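Participant: Before we start, here is the structure in question, set down as structure tokens.
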Amino acid sequence: MTATGKTLDYSTLGNWLWEAACAIRGPIDAPRYKNYILPLVFIKRLSDVFDDEMARVARDLGDAQAAVEVVESDHNMVRFYVPPEARWASIRRQATDLGEYLTDAVRAVGRANADKLAGVLERVDYNETAAGQRIIDDARLASLVQVLSRQRLGLEDVEPDILGRAYEYLLGKFAEGSGQSAGEFYTPRAVGVLMAHILAPEPGMSVYDPCCGSGGLLIKCHLRLLETHGVRRNGGTALPSQLAKLRLCGQEVQPDTYSLARMNTLIHDLQADIRLGDTMARPAFLRDDGGLRAFDLVTANPMWNQTIPVSTYENDPFNRFGDGIPPASSADWGWVQHMYTSLRDGGRMAVVLDTGAVSRGSGNQGRNRERDIRKAYVEADRVEAVILLPENLFVNTTAPGIVMVLNKRKRHPGEILLVNASQLFVKGRPKNELQDEHIAQVHALYAEWRAEEGLSAVITTEEAARNDYNLSPSRYVAQNGGEEAMPLEDAVVLWQEAEEERAAADEALLKVLRELGLD
């Protein structure tokens, strides 16, 4: 037993889940393991909790058979109703046609709980084939079921937060091998924790992630609320009954990742409103009058330098991009403008972006779209802080990234805190690690609004203007005597924007020549 009274701790669960991944190792790429393992972990959690709740009903009624009859007639007696064929004992007994059986069992759970699980489990297919061959054969599936059967995930076995952390551990493991698209569904835990510390959620607040991936950043806000306002109860941590939970809302464009987000929040024992769709083209959270819904907090890690057609901005019906049209080659400031428009008065946001988002275009001759939008945000005094992260934290790139904090009610008007945390990490393989003490150190600088030699600086908006609205922390906080150099990725984005401007100028010139009959 652990100190919390639960049987399973995070390390045990992490090792167990990785063993499950090894059980199906073979002909498929590791990133696809999540499509087979995570739904079964989810089903096992629901099944074990269902068994616990059935036992509770039986104790209350004093009769096990009466409990079965009551629950079968009223599924609302339990959190999630698990049909007999999908209960883990039935899954363990299945000896033949396991792929087809698992697929039917998982989807049966979805149908039985359609009000809560709509769109979550329909895509799961353990009988999937490629070129006429099963992707994972029954033998490997049987090994997976055997490994997952070794640990019980009921109410008295594991805290939802511990299980959720282990679940996200496996997401991170999958992301490490999934190449360029990894960051679309996973943000390193430590980065999410730092953002949650900075946002400091309070009971009852609404929190929004417009590109929520697997839901991790929303969950980190919930966990931070438990840390600051929770009480120990029944071996776990919970909010006192008089305090309202966070209202978590997210949108995700990829159907498989949307399903992961739904499962991830539910396995953390959270009720989050996660919706499927393209936020930039069709935002899902709207007011009754058709405008964007406003939230207390926004937390996000959009795909860096995403390509989005300029027409998306120019034809936007929600008036999100009034401070400028981003270049088609980098949607960073398109995402920022959507998020800022989605903040209520007094709201705050923390967003992870490529480092170039706070520096590209500054110091160049002529116009630059990103620099011009950044200028508008600095002059309107919206930017509160920029934190430069260490390199090689993210699974899909070695680039460092930044966290930019915007506030509609700044604590220190006219000032911007810049933190150069590029050296606050522990070297790791394959990725560096931002540890708890580093998170605490950066958060203290933000909370205390403190300039510290070699680590942070507080500048005025006038100073930012003198530096042509360059907000890169490394420009103001030098470390190791190094000079700031433009990363190759930023140079490529600038070149692409210049090409867009050149093409537009050529088209305008050609139009004039045609009108003069000189083409």
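Bear in mind that the values in this text are calculations on the coordinates, not laboratory data. None of the values given here were measured: they were computed from a predicted structure. Glycine gets a Cβ as well: all are built from the backbone with ideal geometry, and neighbour counts include every protein chain shown.
Participant: Once you put a point 7 Å from the Cα of Lys427 and another 7 Å from the Cα of Arg367, both along the Cβ direction, what distance in nm separates them?
Facilitator: About 4.8 nm separates the two model spin labels.
Participant: Sticking with this structure for a sec: Roughly what angle does helix 160-176 make with the longest principal axis of the chain, taking Cα atoms, 0 to 90 degrees, to the nearest 10?
Facilitator: So the helix axis and the longest Cα principal axis differ by about 60 degrees.
Participant: Classify segment 345-450 from the C-alpha gyration tensor, please: rounded if a/c falls under 1.5, else prolate or oblate depending on whether a/b exceeds b/c.
Facilitator: The shape class here is oblate.
Participant: What residues have an amide H closer than 5 Å to that of Ser206, excluding those fewer than 5 places away on the same chain, when H is modeled at 1.01 Å from N in the peptide plane?
Facilitator: Arg247, Asp296, Leu297
Participant: Match the structure shown to one of the listed values (i) 50, 38, 22; (ii) 44, 27, 22; (iii) 39, 28, 22 of semi-axes √(5λ) of the Cα gyration tensor in Å, computed from it, and give that label.
Facilitator: (ii)
Participant: Another question, then. What does a probe at Ala281 reach in segment 316-333, counting residues whose amide N is under 19 Å from the point 7 Å along Cα→Cβ?
Facilitator: 316-321, 326-332
Participant: With θ set to phi - 60°, apply the Karplus curve 6.51 cos²θ - 1.76 cosθ + 1.60 along segment 48-59 and write out the HN-Hα couplings as whole Hz, x wherever there is a Gly or Pro.
Facilitator: Taking θ as phi minus 60°, the curve returns 5, 5, 4, 4, 5, 5, 4, 5, 5, 4, 4, 5 Hz for segment 48-59.
Participant: Could you tell me which of rounded, prolate or oblate describes segment 268-423, using a ≥ b ≥ c as the square roots of the eigenvalues of the alpha-carbon gyration tensor, with rounded for a/c under 1.5 and, failing that, prolate when a/b is larger than b/c and oblate otherwise?
Facilitator: Details: a/c = 1.32, a/b = 1.19, b/c = 1.10.
In terms of gyration-tensor shape, rounded.
Participant: Work through the residues other than Phe50 whose Cβ is under 9 Å from its Cβ and net out their charges, Lys, Arg +1 and Asp, Glu -1. Provide the component values of the computation, followed by the final result.
Facilitator: Numbers: positive: Arg79, Arg87; negative: Asp48, Asp51, Asp52, Glu53.
Its environment carries a net charge of -2.
Participant: Something else: What is the sum of charges around Ile416, taking Lys and Arg as +1, Asp and Glu as -1, for the other residues whose C-beta is under 11 Å from the C-beta of Ile416? Write down the numbers at each step before the final one.
Facilitator: Details: positive: Arg382, Lys410; negative: Asp381, Glu384, Glu415, Glu462, Glu463.
Cβ neighbours under 11 Å give a net charge of -3.
Participant: Rounded, prolate or oblate: which fits segment 1-132 when a ≥ b ≥ c are the square roots of the eigenvalues of the alpha-carbon gyration tensor, with rounded for a/c under 1.5 and prolate only if a/b beats b/c? Walk me through the intermediate numbers first.
Facilitator: Details: a/c = 2.24, a/b = 1.38, b/c = 1.62.
Taking the square roots of the gyration eigenvalues as a ≥ b ≥ c, segment 1-132 is oblate.
Participant: What is the sum of charges around Asp296, taking Lys and Arg as +1, Asp and Glu as -1, for the other residues whose C-beta is under 9 Å from the C-beta of Asp296?
Facilitator: Working: positive: Arg247, Arg344, Arg348; negative: Glu202.
Net charge around Asp296: +2.
Participant: Right, another one. Stretch Arg25-Thr460 to full length: gain in nm at 0.36 nm per residue minus the Cα-Cα span? Write out the running numbers ahead of the final one.
Facilitator: On the way: separation 435, 0.36 × 435 = 156.60 nm, distance 5.46 nm.
Contour length minus the Cα-Cα distance gives 151.1 nm.
Participant: Near the amide H of Ile274, under 5 Å away, which other amide H atoms are found, from residues 5 or more places off or on another chain, if H is placed in the peptide plane?
Facilitator: Close amide H contacts, sequence-distant or interchain: Gly250.
Participant: A further question follows. What does DSSP give for the chain in terms of the percent of beta bridges that are antiparallel, rounded to the nearest 5? It would help to have the intermediate numbers written out before the result.
Facilitator: Details: 24 of 43 bridges.
Of all bridge pairs located within the chain, approximately 55 percent are antiparallel.
Participant: Using only DSSP helix segments of four residues or longer, with each worth -39500 (n - 2.57), what per-residue ellipticity at 222 nm results for the chain after dividing by its residue count and rounding to 500?
Facilitator: Details: 18 runs with 220 residues, N = 519.
Rounded to the nearest 500, it is -13000 deg cm²/dmol.
Participant: Could you work out the relative contact order of the chain? I mean the mean sequence separation of Cα pairs under 8 Å and 6+ apart, divided by the number of residues, in percent.
Facilitator: Details: 858 pairs, mean separation 59.0, N = 519.
Answer for the chain is 11 percent.
Participant: Further, regarding this structure: Please compare each pair in Lys245/Lys375; Lys220/Lys410; Lys245/Lys431; Lys410/Lys431 to a cut-off of 31 Å on the Cα-Cα distance and tell me which ones are over it.
Facilitator: Details: Lys245/Lys375 37 Å; Lys220/Lys410 23 Å; Lys245/Lys431 34 Å; Lys410/Lys431 34 Å.
From Lys245/Lys375; Lys220/Lys410; Lys245/Lys431; Lys410/Lys431, over 31 Å: Lys245/Lys375; Lys245/Lys431; Lys410/Lys431.
Participant: From the phi angles alone, apply the Karplus equation (6.51, -1.76, 1.60; θ = phi - 60°) to segment 398-413 and give each ³J(HN,Hα) in whole Hz, x where the residue is Gly or Pro.
Facilitator: Each residue's phi maps through the Karplus curve to give 8, 4, x, x, 10, 10, 9, 10, 10, 9, 7, 9, 5, 6, 10, x Hz.
Participant: Taking H as built 1.01 Å from N, whose amide H comes closer than 5 Å to the amide H of Val383, not counting residues under 5 places away?
Facilitator: none
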